[in-house]
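A.B. asks: Here it is: the structure, laid out below.
Every read-out reported here was derived from the displayed coordinates using simple, explicitly stated rules and does not represent laboratory data. All values derive from a computational prediction rather than experimental measurement. All Cβ positions, glycine included, derive from the backbone under ideal geometry; neighbour counts span all protein chains shown.
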Amino acid sequence: MSEPVHVLFVCLGNICRSPLAEGLFQDKVNAAGLEGEVVVDSAGTGGWHVGAPADARMTATAATHGTDLSRLKARQLERHDLHAFDHVFVMDKSNLHDTLALDPDGDHGTRVRLFREFDPEPGDYQVPDPYYGGAAGFETVYAIADRTTDAILERLAVVYGWDLEDA
């Protein structure tokens, strides 16, 4: 067996958007029988919530759709993550800027992409931060993350030769 592919999702505080993407993507990896092929994680560019669980509103939204975020704890993105992860998907342009700032020599920038580059309905390529809004914002983010994690898994399956037909 070859080394697993490491996938990281990044947002600002690692309590709303990126843990949702992590949970959804992990569910899809498991459903495809790729547990040993893919390592999934998430992080935030800021350190305000390190060690905290995912936002209760995001956890509840995810749970209504069958995704459990209760085991996830926020952590801050670190420079070594850019080396450790094969693919880093960031939620918005601010996260992109902050993530690339950890790579001043440009050694790992090709691994860092906007999450919604893979969204079949990319809009402005930004995943809106639902933190200061109401329930509708969390549902909107869920819909974006659900279809985009599908598209990312399909793309990685092509790149790495994974068979998703049996999933």
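A.B. asks: Could you tell me which residue out of TYR125, ILE15, LEU82 lies farthest along the dipole of the chain toward its positive end? Charges go on the beta carbon: Lys and Arg +1, Asp and Glu -1, centred on the Cα centre.
C.D. replies: Towards the positive end, the residue furthest out is ILE15.
A.B. asks: So, one more: I need the per residue convex hull volume for segment 79-167, using only the alpha carbons, in cubic angstrom as a whole number. Working shown, then result.
C.D. replies: Values: hull volume 10.6 nm³, N = 89.
Spread over its residues, the Cα hull of segment 79-167 gives 119 Å³ apiece.
A.B. asks: Another question about this same structure. In nm, what is the difference between 0.36 nm times the number of residues separating GLU121 and ARG71 and their Cα-Cα distance? Present the calculation step by step, with values, prior to reporting the outcome.
C.D. replies: On the way: separation 50, 0.36 × 50 = 18.00 nm, distance 2.97 nm.
Additional length available on full extension: 15.0 nm.
A.B. asks: For segment 96-167 and segment 1-31, what is the centre-to-centre distance using only Cα atoms, to the nearest Å?
C.D. replies: With segment 96-167 and segment 1-31 each reduced to a Cα centre, they are spaced 10 Å.
A.B. asks: Related question: Rank ALA145, GLY134, THR67 by how far each Cα sits towards the positive end of the charge dipole of the chain (+1 on Lys, Arg Cβ; -1 on Asp, Glu Cβ) and give me just the farthest.
C.D. replies: Of the options given, the answer is GLY134.
A.B. asks: What size of dipole, in debye to the nearest 20, comes out for segment 15-89 about its Cα centre when the only charges are +1 on Lys and Arg C-beta atoms and -1 on Asp and Glu C-beta atoms? Show your work: numbers first, answer last.
C.D. replies: On the way: 7 positive and 10 negative charges, 62 e Å.
Taking the Cα centre of segment 15-89 as origin, the dipole is about 300 debye.
A.B. asks: Now a separate question. Specify the residue with the greatest mean-square fluctuation among PRO122, PRO53, PRO104, computed from a Gaussian network of the chain linking alpha-carbon atoms under 10 Å apart.
C.D. replies: PRO104
A.B. asks: Next question, about the same structure. Given (i) 0.91; (ii) 1.39; (iii) 0.96 as candidate values of Cα Rg over 2.2 N^0.38 Å, which corresponds to the one derived from the coordinates?
C.D. replies: This structure yields the entry labelled (iii).
A.B. asks: So in the chain, what percent of DSSP beta bridges are antiparallel if you round to the nearest 5?
C.D. replies: Working: 1 of 16 bridges.
Among the beta bridges of the chain, antiparallel pairing accounts for roughly 5 percent.
A.B. asks: With a cut-off of 8 Å between alpha carbons and a minimum separation of six or more residues, what is the relative contact order of segment 17-167 in percent?
C.D. replies: Numbers: 186 pairs, mean separation 38.9, N = 151.
The normalised contact order for segment 17-167 reaches 26 percent.
A.B. asks: At 0.36 nm per residue, minus the direct Cα-Cα distance, what do ALA52 and THR140 gain on full extension? Give it in nm, one decimal, please.
C.D. replies: Details: separation 88, 0.36 × 88 = 31.68 nm, distance 2.30 nm.
Full extension of this stretch gives 29.4 nm more.
A.B. asks: Moving on to the next point. Within 10 Å, at most 16 other Cβ atoms, and a DSSP state outside H, G, I, E, B define an exposed site. Report the longest part of the chain free of exposed GluC sites (Glu not before Pro).
C.D. replies: Working: sites that count: GLU35, GLU78, GLU165.
Maximal segment without exposed cleavage sites: 79-164.
A.B. asks: Quick one, what does Rg over Rh come out to for segment 2-51 if you take C-alpha atoms and the Kirkwood Rh? Before the final figure, lay out the partial values.
C.D. replies: Values: Rg = 11.8 Å, Rh = 11.3 Å.
Dividing the radius of gyration by the Kirkwood radius yields 1.04.
A.B. asks: GNM, the chain, Cα, under 10 Å: largest mean-square fluctuation among PHE25, PHE118, PHE89?
C.D. replies: Its mean-square fluctuation being the largest, the pick is PHE118.
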